[in-house]
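A.B. asks: Could you have a look at this structure, given as structure tokens, before my questions?
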Amino acid sequence: MLAKVLSFGLNGIDGYKVTVEVDISAGLPKFDIVGLGDTAIKEAKERVRSAIRNSGLKYPVSSITCNLAPADIKKEGTFYDLSIAVAILSASGIIDYKRIGETIFLGELSLNGEVKKVTGLLPILIAAKEKGYKHFIVPKENYFEASFISDIDVKVVKSLDELVDSYKCPDIILEKVMTSNYEALKQSKPTSYLDMKNVKGQFSAKRALEIAAAGGHNILMIGPPGSGKTMLAKCFPGILPDMTFEEALEVTKIHSVAGELNLSDGIILSRPFRTPHHTATSISLVGGGSQVKPGEISLAHNGVLFLDELPEYSRHFIETLRQPLEDGQITIARAKQTVTYPASFILIASMNPCPCGNFGSKKEECRCTPAQIHRYLSKLSGPIMDRIDLHIEVDNVTYDDLHTNEECESSIDIKKRVDKARKIQLERFKGTKVYSNAKMDVTQTKKYCSLSKQCQDILRMAFDNLHLTARAHDRILKVARTIADLDGQAEILPQHIAEAIQYRSLDRKYWE
Amino acid sequence: MISQNDKTYIFFSAMELTVKRCHEIVEHYKSDKTLDAILNGDKFIVDYLGEDYDKFRQKLINFSFETLEKYLNNKHVGYFTIESEIYPEQLKQLDEPPYILYYIGDVSLISTKCLAIVGSRTPTYYGREVTENFARQLVKNGFTIVSGLSTGVDKIAHETALNECGKTIAVLGNGFQNMYPKSNINLAREIAQKGLLLTEYYPTFQARNYSFPMRNRIIAGLSNGVLITEAAKKSGSLHTKNFALDLGIDVFSVPGNITSPKSEGSNNIIKYGHAQMVTTPNDILEQYGIKPQKVEKQKIELNFDENKIYNVLKDGEKSFDEIQCQTGILVQTLNTCLTTMQIRGIIKKLPGNYYAI
């Protein structure tokens, strides 16, 4: 007897249809799975056999062959377990083959017949919906993850015998997934970031972060140890605009594939904030491995990637950031497959001004030689510096600052201004792929950042008197555009240019 | 052609013979007979050099003065020895006067009115300012600035002198082929063209940790006075001060903040009476009976906010936060003002987000 059951496979965050074919024929009892499965799929044999037996069902004592078609694509993961089991049961006549139809089965089986959660469900559902499939049976544990896709029929199942029963007697109906509302869920679960009002002093750094949030600019904070760089960075997601549902879905897709999704929410509600340690391997950061998994930079998609102590990261890793910073995605090519993951994030980096950390500090003496400082700073190559729009210096906070009772501005107030500036930008870039000032290309920069005579004079004088390097030019224009947006001005005014120049510390020559 | 006398000194410098030993040998044979004595294995020199004698003799047999002469001519390197007429009298008064000096550039500068400016290799902003200010005024009043082509104060002193179209002498702790530090190579080139590079070391000599204190004695020996702008407690510039005191020339020191470890050395030498305290370049000029040139003060026009910032910064350098708190100006406006004031040259930005007038 032959049975065909549909399932889905994943390549990166794109799904493709997999047909699970099972043929039961007379012969010595055996069970083979063909179709380029990985170890997890080879082991599915044991899980499926035990699950069927322990569910009180008859496991056919015959020669069983299972094929995962298309047979030339390498398949990974445990979510084929359920479809293999269903295929065997229908091939052996326990489930009525006709009633299965176009339903897609996803789920991992445990030895006692329970259906366990799977990773990567959301991207599969989205891909399958696009390809016109409407009926799904998924593990109960993945209920919420499945609940954000409308117009499809998803049923959840807890165990194999529940599934078999639902086919046998019409009284038993599997639980259907109700669509949840993203906005409502977000309202009910307010996210808690560190609030900017807890950061005392650091006015210039806060202002720079506000600009970074408003324009999507990457930012580098330079300061001695203990000056609050990390704390400032942790406050940053709180002033970013809320994610739209589409953005949230994209983020959730990546986290789902990586198995990092909180299943009780089923969707990522707040912008990701990823802080990989500098000892992490470059594979774990950019993605890859034998099963090409998304790395930290993809998990930071639509959110923030915070690299603390930037020069401590391997040079190799810092350089791999170049493509994602430019294109907003990372393509990982391996011999067997090539996967593209989205990786559009705001980079926040922090570093000390020199190896001992005290260069320019008024409290401690810097003991580094100029050559050491030069070597330290030269770890950051020009191309990377080119992609960071804002560099600011963060100085130590004084005791008085810490004990002041003066209320600082809260994140919510800053966020309001950021939201306003973002709105202006969305309006400006309507119909293009760009959605923030930071991502403007050369022609757009020319178009939207035209300067009046007065502004040009300031910029020229700044270049002459403050020894700015040439690469600062476009960065200053983009940042000035964002500052003007925050100000609600259509034109870039002299004060906007002047402020933007303040955020180019590393271009200054005193840094030697 | 290199004279026989000069050959002796050149050979000794190539062998890195110490000043003391060189003078003892030359005193015994006189400089024109020394090389012959080495070749012939005279008893005094064999005994004097001991184990090293064979090395010296072998080296001397292979030594080609023609090749060296070609090299010196190609690279425009000159030299003069302790027997030369142009050798400055004051240098001879040192305990260990260098027996040979190689130079590139305008050698006549050694007979001009020289003042040494030395100090920390990693000066604070204050040290930089002071060095620049003093060097500028001294150059404008006709002094040649002598320093050691090191980083920090040395570099600033040389650069300021060149920027003001003045004269400067750099005394090196290395041979001309092995410039140190490498970051100052461009500066060295410029000094070679517009000033004078001077070293007692053979061109292939590589800088050692002892060669820097040694060159300090030459810096003192060439100068009419030594100015220390900023020095930590154990700064190398204090060596220069000691040599200057031995020579009996003026030592000036600029006082610094007593809480700053970077000023400990320069403050100490004032405290112990080793140096004369100077607070303006005019103090030095007066010492040499020079009437300072008058400098016109520029009037600065400031708007309301800028005036507030200016008044706050009058008390000394301040961080961004301090300025913001004391003036109460909005952060974005303050950023704007600070940039425009920087562009106009009214204030300066310092590392660590600090600002100063």
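Laboratory data are not the source of any read-out in this text; all were calculated from the coordinates shown. None of these values were measured; they are calculated from a predicted model. Every residue, glycine as well, gets a Cβ built from its backbone with ideal geometry; the counts of neighbours run over all protein chains shown.
A.B. asks: Where the Cα atoms of segment A:312-397 are projected onto their three principal axes, how long is each span, largest first, in whole Å?
C.D. replies: Principal extents (Cα only, largest first): 54, 25, 18 Å.
A.B. asks: On a 30 Å Cα-Cα criterion, which of the cross-link pairs B:Lys271/B:Lys308; A:Lys206/B:Lys308; B:Lys262/B:Lys349 come out too long?
C.D. replies: B:Lys271/B:Lys308
A.B. asks: log10 I(q)/I(0), Debye, Cα-only segment A:188-413, no solvent, q = 0.12, 0.15, 0.18 Å⁻¹?
C.D. replies: Results for segment A:188-413 at q = 0.12, 0.15, 0.18 Å⁻¹ read -0.69, -1.04, -1.36.
A.B. asks: What are the principal axis extents of the Cα atoms in segment A:250-345, in Å, biggest first?
C.D. replies: Rounded to whole Å, the extents work out to 38, 34, 23 Å.
A.B. asks: Between A:Ala371 and A:Glu246, what is the spin-label point distance in nm, taking each point 7 Å from the Cα along the Cα→C-beta axis?
C.D. replies: 5.6 nm
A.B. asks: Now for a separate question. Quote the Stokes-Einstein diffusion coefficient, in whole µm² s⁻¹, for segment A:192-306, based on the Kirkwood radius over alpha carbon pairs, a temperature of 10 °C and a viscosity of 1.306 mPa s.
C.D. replies: For the chosen part, D equals 103 µm²/s.
A.B. asks: Let me ask you something else. Please give every one of the lysines within straight-line cross-link reach of B:Lys70, meaning a C-alpha to C-alpha distance under 21 Å, and leave out same-chain neighbours fewer than 8 residues apart.
C.D. replies: Partners within reach: B:Lys7, B:Lys59.
A.B. asks: Picking from A:Gly238, B:Thr259, B:Leu350, whose Cα lies most toward the positive end of the charge dipole for the protein assembly as shown (charges on Cβ: Lys, Arg +1; Asp, Glu -1)?
C.D. replies: Highest projection toward the positive end goes to A:Gly238.
A.B. asks: What number, in percent, do you get for the relative contact order of segment B:107-287 if the mean sequence gap of Cα pairs under 8 Å and at least 6 apart is divided by its residue count?
C.D. replies: RCO, segment B:107-287: 22 percent.
A.B. asks: So what are the ³J(HN,Hα) numbers for segment B:113-120, from phi and the Karplus equation (6.51, -1.76, 1.60; θ = phi - 60°), rounded to whole Hz, Gly and Pro as x?
C.D. replies: 6, 10, 9, 8, 10, 10, x, 4
A.B. asks: Along the charge dipole of the protein assembly as shown, Cβ charges K/R +1 and D/E -1, which of A:Thr275, B:Ala275, A:Gln444 sits furthest on the positive end?
C.D. replies: Of the candidates, A:Gln444 comes out farthest on the positive side.
A.B. asks: Would you list the P(r) distribution for segment A:2-176, with all Cα-Cα distances sorted into 10 Å bins from 0 and each bin expressed as a whole %?
C.D. replies: Spelled out per bin, shortest first, that is 11, 43, 37, 9, 0.
A.B. asks: Okay, moving on. Which of the aspartates and glutamates could a cross-linker bridge to A:Lys439, judged by Cα under 12 Å and excluding same-chain residues fewer than eight apart?
C.D. replies: The qualifying aspartates and glutamates are A:Glu326, A:Asp327, A:Asp389, A:Asp474.
A.B. asks: Still on this structure: Mind listing the lone cysteines of chain A, meaning no other Cys beta-carbon sits under 4.7 Å from theirs?
C.D. replies: By the Cβ distance rule, which asks for a partner under 4.7 Å, the isolated cysteines are A:Cys66, A:Cys169, A:Cys235, A:Cys356, A:Cys366, A:Cys408, A:Cys449, A:Cys455.
A.B. asks: Moving on to the next point. Please list 3J(HN,Hα) in residue order for segment B:18-24, calculated via the Karplus relation 6.51 cos²θ - 1.76 cosθ + 1.60 where θ = phi - 60°; whole Hz, with x for glycine and proline.
C.D. replies: 5, 4, 4, 5, 4, 5, 5
A.B. asks: For peptide B:345-351, what's the mean number of Cβ atoms from other chains within 10 Å of each residue's Cβ?
C.D. replies: Average per residue, whole number: 4.
A.B. asks: Something else about it: Tell me the trypsin sites (Lys or Arg not before Pro) within segment B:257-323 that lie in a loop according to DSSP and have at most 15 other beta-carbon atoms within 10 Å.
C.D. replies: Sparse-neighbourhood loop trypsin sites (Lys or Arg not before Pro): B:Lys294, B:Lys297, B:Lys299, B:Lys314.
A.B. asks: Right, another one. Could you pull out the pairs from A:Lys379/A:Lys447; A:Lys75/A:Lys129; A:Lys117/A:Lys234 whose alpha carbons sit more than 24 Å apart here?
C.D. replies: Flagged as over cut-off: A:Lys379/A:Lys447; A:Lys117/A:Lys234.
A.B. asks: Per residue and in Å³, how big is the convex hull formed by the alpha-carbon atoms of segment B:304-356?
C.D. replies: Per residue, the Cα convex hull of segment B:304-356 comes to 67 Å³.
A.B. asks: While we're on this one: In a solvent-free Debye calculation with one equal scatterer on each Cα, what is log10 I(q)/I(0) for segment B:107-287 at q = 0.08, 0.15, 0.20 Å⁻¹, listed in the order of the q values?
C.D. replies: Relative scattering, expressed as log10 I(q)/I(0), comes to -0.20, -0.75, -1.40.
A.B. asks: Further, regarding this structure: With +1 on each Lys and Arg Cβ and -1 on each Asp and Glu Cβ, and nothing else charged, work out how big the dipole of segment B:238-357 is about its Cα centre, in Debye to the nearest 20.
C.D. replies: Here segment B:238-357 has a charge dipole of around 180 debye.
A.B. asks: Roughly what percent of Cα-Cα pairs across chain A reach past 35 Å?
C.D. replies: Numbers: 58649 of 130816 pairs.
Result for the distance tail: 45 percent.
A.B. asks: Next question. If you place +1 on the Cβ of every Lys and Arg and -1 on the Cβ of every Asp and Glu, how big does the dipole about the Cα centre of segment A:360-505 come out, in debye to the nearest 20?
C.D. replies: With Lys and Arg at +1 and Asp and Glu at -1, about 980 debye.
A.B. asks: If you rank A:Lys200, A:Lys336 by fewest surrounding Cβ atoms within 10 Å, what's the result?
C.D. replies: Arranged by neighbour count, lowest to highest, A:Lys200, A:Lys336 become A:Lys336, A:Lys200.
A.B. asks: Follow-up question, since we're still on this one. According to a simple spin-label model (label point 7 Å from Cα along Cα-to-Cβ), what is the distance in nm between B:Gln193 and A:Lys58?
C.D. replies: Here the modelled spin labels are 10.0 nm apart.
A.B. asks: Given N residues in segment B:1-65, what is its alpha carbon radius of gyration divided by 2.2 N^0.38 Å?
C.D. replies: Against the compact-globule rule of thumb, the ratio is 0.99.
A.B. asks: Give me the extension gain from A:Ser290 to A:Met178: residue separation times 0.36 nm, minus the current Cα-Cα distance, reported in nm with one decimal. Before the final figure, lay out the partial values.
C.D. replies: Numbers: separation 112, 0.36 × 112 = 40.32 nm, distance 3.62 nm.
Gain on extension, A:Ser290 to A:Met178, equals 36.7 nm.
A.B. asks: Ok, one more. Can you give me the distance in nm between label points at B:Ser84 and A:Gln329, each placed 7 Å from the Cα along the Cα-to-Cβ direction?
C.D. replies: Spacing of the two 7 Å Cα→Cβ label points: 7.1 nm.
A.B. asks: So what's the Cα pair-distance distribution over segment A:440-512, bin width 5 Å, in %?
C.D. replies: Cα pair-distance distribution for segment A:440-512, in percent: 3, 17, 29, 26, 15, 7, 2, 0.
A.B. asks: Going by how many other beta carbons lie within 10 Å of each one, how would you line up A:Ser62, B:Ser13, A:Ser298, B:Ser253, fewest first?
C.D. replies: A:Ser62, B:Ser13, B:Ser253, A:Ser298
A.B. asks: Now for a different question. Which residues' amide hydrogens lie under 5 Å from the amide hydrogen of B:Tyr79, considering only partners 5 or more residues apart or on another chain, with H built in the peptide plane?
C.D. replies: Counting only residues 5 or more places away or on other chains, the set is B:Tyr103.
A.B. asks: As a footprinting exposure proxy, order B:Asp106, A:Asp464 by other Cβ within 10 Å, with the fewest listed first.
C.D. replies: By the 10 Å Cβ count, ascending: A:Asp464, B:Asp106.
A.B. asks: Counting only residues 5 or more places away or on other chains, whose amide H sits under 5 Å from the amide H of A:Gly228 once H atoms are built in the peptide plane?
C.D. replies: none
A.B. asks: Here is a follow-up. Which lysines have a Cα lying under 23 Å from the Cα of B:Lys167, excluding residues fewer than 8 positions away in the same chain?
C.D. replies: Those lysines meeting the cut-off are B:Lys75, B:Lys113, B:Lys140, B:Lys155, B:Lys182, B:Lys194, B:Lys241, B:Lys291, B:Lys294.
A.B. asks: Here is a further query. Would you calculate a helix-derived [θ] at 222 nm for chain B, using -39,500 (n - 2.57) for each DSSP H run of n ≥ 4 and dividing by the full residue count, to the nearest 500?
C.D. replies: -13500 deg cm²/dmol
A.B. asks: If N is the number of residues in chain B, what value comes out of its Cα radius of gyration divided by 2.2 N^0.38 Å?
C.D. replies: With N residues counted in chain B, Rg over 2.2 N^0.38 Å equals 1.19.
A.B. asks: Something else about it: Across every pair of different alpha-carbon atoms, what Kirkwood hydrodynamic radius in Å does segment A:221-286 reach?
C.D. replies: Value: 14.1 Å, from the Cα pair sum.
A.B. asks: Here's something else I'd like to know. When the scattering of segment B:196-315 is computed by the Debye formula from its Cα atoms alone, each counted once and equally, what is log10 I(q)/I(0) at q = 0.21 Å⁻¹?
C.D. replies: So the normalised log intensities are -1.15.
A.B. asks: In whole Å, what are the Cα extents of the protein assembly as shown along the three principal axes, biggest one first?
C.D. replies: Sorted from largest, the Cα extents of the protein assembly as shown read 121, 76, 47 Å.
A.B. asks: Divide the volume of the convex hull of the Cα atoms of segment B:130-179 by its number of residues and quote the answer in cubic angstrom per residue.
C.D. replies: Details: hull volume 3.2 nm³, N = 50.
That works out to 64 Å³ per residue.
A.B. asks: If you don't mind, another one. With +1 on the Cβ of every Lys and Arg and -1 on the Cβ of every Asp and Glu, and nothing else charged, how large is the dipole of the protein assembly as shown about its Cα centre, in debye rounded to the nearest 20? Write down the numbers at each step before the final one.
C.D. replies: On the way: 106 positive and 104 negative charges, 230 e Å.
With only Lys, Arg, Asp and Glu charged at Cβ, the dipole is about 1100 debye.
A.B. asks: Output the relative contact order of segment A:325-374, whole-number percent, from Cα pairs under 8 angstrom with separation of 6+ residues.
C.D. replies: On the way: 48 pairs, mean separation 11.6, N = 50.
Normalised by residue count, the contact order of segment A:325-374 is 23 percent.
A.B. asks: Over all alpha-carbon pairs in segment A:289-444, figure out the percentage whose distance exceeds 22 Å. Intermediate values should be presented prior to the final figure.
C.D. replies: Details: 7135 of 12090 pairs.
Every Cα pair in segment A:289-444 considered, those over 22 Å come to 59 percent.
A.B. asks: Moving on to the next point. Just add up the charged neighbours of A:Asn142: K/R +1, D/E -1, any other residue whose Cβ is under 11 Å from the Cβ of A:Asn142.
C.D. replies: Local charge sum for A:Asn142: 0.
A.B. asks: Follow-up. Which cross-chain or sequence-distant (5 or more) residues have an amide H under 5 Å from the amide H of A:Gly37, H modelled 1.01 Å from N in plane?
C.D. replies: A:Lys75
A.B. asks: Given a cut-off of under 8 Å on Cα pairs at least six residues apart, what relative contact order in percent is computed for chain B?
C.D. replies: Answer for chain B is 13 percent.
A.B. asks: While we're on this one: Return the FRET efficiency for the residue pair A:Asp441, A:Ser381: r is the Cβ-Cβ distance, R0 is 22 Å, and the value is rounded to the nearest 0.05.
C.D. replies: Between A:Asp441 and A:Ser381 the formula returns 0.55.
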